[in-house]
Amino acid sequence: MAKQYDPYENMLSILDSAAAKLGHSKDDNDYVGIRVPERALIVSIPVLMDNGKIQIFEGYRVQHSSTRGPCKGGVRFHPDANLNEVKALAAWMTIKCAVANIPYGGAKGGVKVDPSKLSEGELMRLTKRYTAQILPIIGPERDIAAPDVNTSGKNMAWMMDAYSMMKGYAVPAIVTGKPLELGGSLGRPKATGKGATITLLNYLKKTGQNPVGMTVAVQGFGNVGSAGAELMHAQGFKVVAVSDYNTIIYKKDGIDVNAAIAFAENHGHTILGYEEPGSKTISADEFWGLNVDVLFPAAMENQINEKNVNTIKAKVILEGANGPTTVEADKILAQKGTVVLPDVLTNAGGVVVSYFEWVQNLESFMWEEDEVNRNLNKIMTKAFDEVWGIHKEFNVPFRMAAYMLALRRIIKAKSLRSIFP
Ligand code: GLU
């Protein structure tokens with residue numbers, strides 16, 4: 001039987017080890033509260049379907065921590081969404097925001113649904129009613145949503161509308177990742193891919209390696225994978241493989257990433273059927289075993305696991321997705337000497353620019369794109385340098401170093417606030 005992953009237990013095992021390295025036991029007053037989410041809500045979402053029947057969907061919003069600021073995190077629509085996964089994703093947001101040192105806690109939302117089976121109208125009613133169901137716990141000073149797997153600016157516009165209608169006035173700061181026309185930020189759509197590219201470049205610079213000509217394999221060609229591939233390609237990396245849920249394309253001399261992106265845009269957001277001279281399709285086993293410099297998982301959780309970890313030849317794993325590597329696989333990678341640049345650092349670019357978007361909304365003042373990108377670069381580079389410092393000081397892998405950095409900040413904030421009441 002296939003191994004069942006418990007995402008929250010996995011998250012906790014790393015958190016507890018990081019706490020132990022900082023000298024905190026599980027029941028320490030300063031740490032014990034970080035092991036559990038502050039609040040978790042399960043909602044039933046009735047949606048009037050196009051056939052006139054009402055269908056009930058299950059949704060979640062978990063607020064893991066508000067210690068360092070309002071809770072922040074995306075909403076995903078996926079048939080496998082469940083409370084335990086959303087709890088883990090919310091905790092990862094707490095860690096990620098603390099690594100980047102932006103003044104947020106962590107949250108996440110999810111709806112158990114396959115959005116490809118819903119019409120546009122059904123999707124809109126689902127998004128708006130989900131917003132209404134979680135309304136008692138969200139707000140621009142409490143908990144701010146954003147896109148995640150299978151959601152985009154379109155869903156954020158609907159969430160903003162639902163929230164604003166119920167308040168009676170426009171509240172753009174309730175969500176980030178909105179369309180520009182509604183107060184979205186320049187630079188937000190590509191921010192996660194950009195942040196990942198910045199992290200990779202920072203790592204290569206620190207270790208004295210030249211990115212030009214380095215080979216990259218990208219798993220997932222959604223927002224994170226495609227933007228990351230585009231920016232790496234522009235920096236001189238050779239993207240030799242790209243994949244999505246339908247197909248995997250390989251080309252030894254490097255794929256024309258911009259052409260692949262244009263193809264996907266015109267073919268229902270998939271690269272299925274994309275070809276160029278010298279390209280071929282390969283199997284998943286061949287993909288994981290590619291002899292590349294960098295593997296960029298940018299799809300879902302647990303993609304690198306004990307089934308494929310031993311075949312991985314990449315020297316660096318750049319985690320664009322949240323939780324793409326299982327705890328067991330992570331240990332094996334460490335033994336093999338594979339460098340893992342962890343999700344909570346690598347993919348923080350999205351929430352960092354979400355933070356800029358929220359600040360712009362609260363001030364009603366829009367920034368130029370170069371200001372967004374300059375500040376993104378500054379925050380990502382500072383976070384990388386701090387993680388690097390702990391990695392060296394404690395001789396721990398980057399994931400552990402990132403968790404330790406985050407925990408130091410969260411524990412300090414908790415002790416300054418002290419316990420209520
Ligand atoms: N969903 C993204 C993440 O997992 C962005 C979250 C946000 O911008 O709030 O980091």
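At Asn258 and Lys412, where each label point lies 7 Å from the Cα along Cα→Cβ, what is the point-to-point distance in nanometres?
If labels sit at Asn258 and Lys412, their model points lie 4.4 nm apart.
Which GluC sites (Glu not before Pro) in the range 314-421 pass both tests, a DSSP loop state and at most 10 other beta-carbon atoms within 10 Å?
Glu368
What full-extension length gain, to one decimal in nm, is calculated for Ala20 and Ser364 as 0.36 nm per residue of separation minus the Cα-Cα distance?
Length difference between fully extended and current span is 119.5 nm.
Can you sort Asp293, Asp256, Asp143 by solvent-accessible area, 1.4 Å probe, largest first?
Asp256, Asp293, Asp143
I'd like the carbon and sulfur percentage of the solvent accessible area for the range 198-262, probe radius 1.4 Å, heavy atoms only, ligands and nucleic acids excluded.
So the carbon and sulfur contribution to the accessible surface is 50 percent.
Could you list which residues have their amide H under 5 Å from that of Asp143, counting only those 5 or more apart in sequence or on another chain, with H placed in the peptide plane?
Here Cys71 satisfy the definition.
I want to make sure I understand the PRE zone here: with the label point 7 angstrom from the Cα of Asn210 toward its beta carbon, which residues in the range 282-320 have backbone N atoms less than 17 Å away?
The answer is 293.
Report, by chain and number, residues whose modeled amide H sits under 5 Å from the one on Arg76, excluding near sequence neighbours (fewer than 5 apart, same chain).
Gly109, Gly110, Val111
Once the convex hull of the C-alpha atoms of the range 27-162 is built, how many Å³ does it hold per residue, rounded to a whole number?
Numbers: hull volume 13.6 nm³, N = 136.
Here the figure is 100 Å³ per residue.
Just grab the label-to-label distance for Ser116 and Lys154, each label 7 Å out from Cα along the Cβ direction, in nm (one decimal).
It is 1.4 nm.
Hey, how much of the P(r) for the chain falls beyond 35 Å, as a percent of Cα pairs?
Here the tail beyond 35 Å accounts for 24 percent of pairs.
With every protein chain kept in place and ligands, DNA and RNA left out, what is the accessible area per residue of the range 235-379? Probe 1.4 Å, answer in Å². Numbers along the way, then the final one.
Numbers: 6340 Å² over 145 residues.
Ligands and nucleic acids excluded, the figure is 44 Å² per residue.
Looking only at Ile54, Ile134, Ile317, which one moves most when the chain is put into a Gaussian network model with springs between Cα atoms under 10 Å?
The residue that fluctuates most here is Ile54.
Ordering Phe287, Phe263 by how much accessible area each has at a 1.4 Å probe, largest first, what is the list?
Largest accessible area first, the list is Phe263, Phe287.
Of the listed pairs Lys128/Lys194; Lys128/Lys167; Lys26/Lys331; Lys154/Lys190, which have alpha-carbon separations greater than 24 Å here?
Lys128/Lys194
Would you mind telling me which residue in Gly273, Gly168, Gly220 has the biggest mean-square fluctuation in a Gaussian network model of the chain, where springs connect alpha carbons within a distance under 10 angstrom?
Gly168
Tell me, what HN-Hα J-couplings in whole Hz come from the Karplus equation 6.51 cos²θ - 1.76 cosθ + 1.60 at θ = phi - 60° for each residue of the range 210-219, using x for Gly and Pro?
The phi angles translate into 8, x, 5, x, 5, 8, 9, 10, 10, 9 Hz.
Could you please state how large a percent of the accessible area of the range 315-421 is carbon and sulfur, counting protein chains only and using a 1.4 Å probe?
56 percent
Under the Karplus relation 6.51 cos²θ - 1.76 cosθ + 1.60, θ = phi - 60°, what is the ordered set of whole-Hz ³J(HN,Hα) values for the range 193-201, x standing for Gly and Pro?
For the range 193-201, the Karplus curve yields x, 5, x, 5, 5, 4, 4, 4, 5 Hz.
For the range 26-154, what does the accessible surface come to per residue with a 1.4 Å probe? Please give it in Å².
Result: 38 Å² per residue.
Where a Cα-Cα gap under 14 Å defines reach, which aspartates and glutamates qualify for Lys280, not counting those fewer than 8 residues away within the same chain?
Candidates past the 8-residue exclusion: Asp253, Asp256.
Longest segment of the chain with no trypsin sites (Lys or Arg not before Pro) in a DSSP loop having at most 12 other Cβ atoms within 10 Å?
54-251
I want to verify a result. In a Gaussian network model of the chain, Cα cutoff 10 Å, which of these has the top mean-square fluctuation: Asn246, Asn29, Asn101?
Asn246
The values are calculated or read from the model by the stated rules, or taken from the named source; none is laboratory data. Quantities reported herein were computed from a predicted structural model and do not represent experimental measurements. Note that each Cβ is placed from the backbone with ideal geometry, even for glycine, and that neighbours are counted across all protein chains shown. For accessibility, only protein heavy atoms count, side chains too; no ligands or nucleic acids. Shrake-Rupley method; radii C 1.70, N 1.55, O 1.52, S 1.80 Å.
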